[in-house]
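Rule-based calculations on the coordinates, nothing more; no lab input. Computed from a predicted model, the values in this text were never measured in an experiment. Please note: Cβ atoms are built from the backbone with ideal geometry, for glycine as well, and neighbour counts cover all protein chains shown.
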Amino acid sequence: MTIASGVAKKVVISKEAAWGVKPAANTGRYMRRVTAEINLERPTFESNEIRTDYQTADMRLGTKAVNGTLSGELSPETFELIFAAALRAAWVAGETYTGADIAAADAGNRLVKSAGSWLTEGFKIGDLVTVSGFATLSNNGQAVVLGVTATDLSLDKELVTEAEGANVTVAVAGKKLAVPLSGHTNDSFAIEQWYSDILASELALGVRIGSVALNFPPNGMATVEVTLMGKDVETDDVAYFVAPSPATDTSILAGTRGALYAGGASIAVVTGLNFTIEGGMETGEVIGSPTTPDVFAGRVRVSGQMTAYFENNDLYTKFVNEEETSLVFRLDGDPGESMMFKLPRIKLGGASKDDKETGGIVQTIPFTALLNVHGGAAEATEKTTIVIQDTTLV
């Protein structure tokens, strides 16, 4: 007798056109994972009859619902659909500007624009941009935008002064994703678990993203844990998806390769970072149907925690005085494979410190991300709670 093995199991995800309706069998993509545990659940309830035989005579099953988790290691492109569903938006191409009116200034590491405005062109703090066209080769390449005014784009790389005249291009790498102010999407998926060694298929339908938890340890792979909520599961002895696209082969990201900025300043004392994007999803129950009528969406909330070596009272002061700050995190994989996570407006919920004989004292700083009411079109930041950038998306 063959017993199913995890390495023989294949997971395929495909976006549904309508909630709970199977997409075409020739769609879908194999999903990279560490674990995928997606199950159909039904509550049980028993009869409360008082009986002279001292026993329970019946029980019933309640409304069907899909619940599960998909855990993986963070890599560019891999979680494209899941992030879009969690933020209820579509990925959009980054801004690009080309012109002969851009000079490089070593003072403040600025790209200086003599005509027009960087703000109206749409560049934002925390964008990972690719610069090309300067005669001084070291001025070209990728950098994070640390400041934006009408005339100046401040970067996190050293620039050499060069006069304008060359045809220079500044482009936000890849695509960006942000929680919108209107026109929110409500994506759902069909997710198949195909146990190829025992020829068993479980096709979960109407699956929506309940939450996405990201963890960035200082000495390990960045991880993703996705909670899933859905309508029903269909079983078969043949795979439903007949020709899924291959899984992505992008590099796995780690906290040791990248940069972290708080309030626009680089910080190198953070020992850990995690945050969760929650969708407030709920299922429902109705009379006359064994399945939930929908998976209902709530607010998008983002909260998390940093740990950092205690070097001064700056974070404690921000906590006590309820001062707002921002958080920008860059993660680099192989060349051309980077991701950015931007929380343009956060408030700190604490700044407690440990005490020990050896090792540095560590602060624990919980935070909540908020709608950035100060951002918007022609502003230096986005008007949203969270922005994700993936340089591999085209």
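Here r is the Cβ-Cβ distance between Ser289 and Val7 and R0 is 35 Å; the resulting FRET efficiency, rounded to 0.05, is 0.40. For Ile252, nonlocal amide neighbours, meaning residues 5 or more places apart or on other chains whose placed amide H falls under 5 Å from its own, do not occur. When a/c is below 1.5 the answer is rounded, else prolate if a/b is larger than b/c, else oblate, so apply that to segment 205-315 with a ≥ b ≥ c taken from the square roots of the Cα gyration tensor eigenvalues. Because a/c hits 1.5 or more and a/b fails to exceed b/c, segment 205-315 counts as oblate. Among the listed pairs Lys22/Lys176; Lys124/Lys157; Lys15/Lys176, a Cα-Cα separation exceeding 21 Å is found for Lys22/Lys176. Arranged from fewest to most other beta-carbon atoms within 10 Å of their beta carbon, Arg33, Arg257, Arg299 become Arg299, Arg257, Arg33. With R₀ fixed at 45 Å, the C-beta to C-beta distance from Asn167 to Thr364 puts the FRET efficiency at about 0.35. Computed from the alpha carbon atoms alone, the convex hull of segment 28-114 holds 245 Å³ per residue. Note on segment 359-380 and segment 272-303: Cα centroid distance 25 Å, given to the nearest whole angstrom. From least to most packed, judged by other beta carbons within 10 angstrom and beginning with the fewest, Ser14, Ser289 follow the order Ser289, Ser14.
Normalised by residue count, the chain yields a Cα convex hull volume of 216 Å³ per residue. P(r) tail for segment 95-172: Cα pairs beyond 22 Å make up 6% of the total. Taking the chain as a Gaussian network of alpha-carbon nodes connected by springs under 10 Å, the highest mean-square fluctuation of the residues Ile82, Ile50, Ile346 belongs to Ile50.
Using alpha-carbon positions, what is the distance between the centroids of segment 188-244 and segment 15-63, in Å? Each part's Cα centre sits 15 Å from the other's. Neighbour counts of other Cβ atoms within 10 Å put Met221, Met1 in the fewest-to-most order Met1, Met221.
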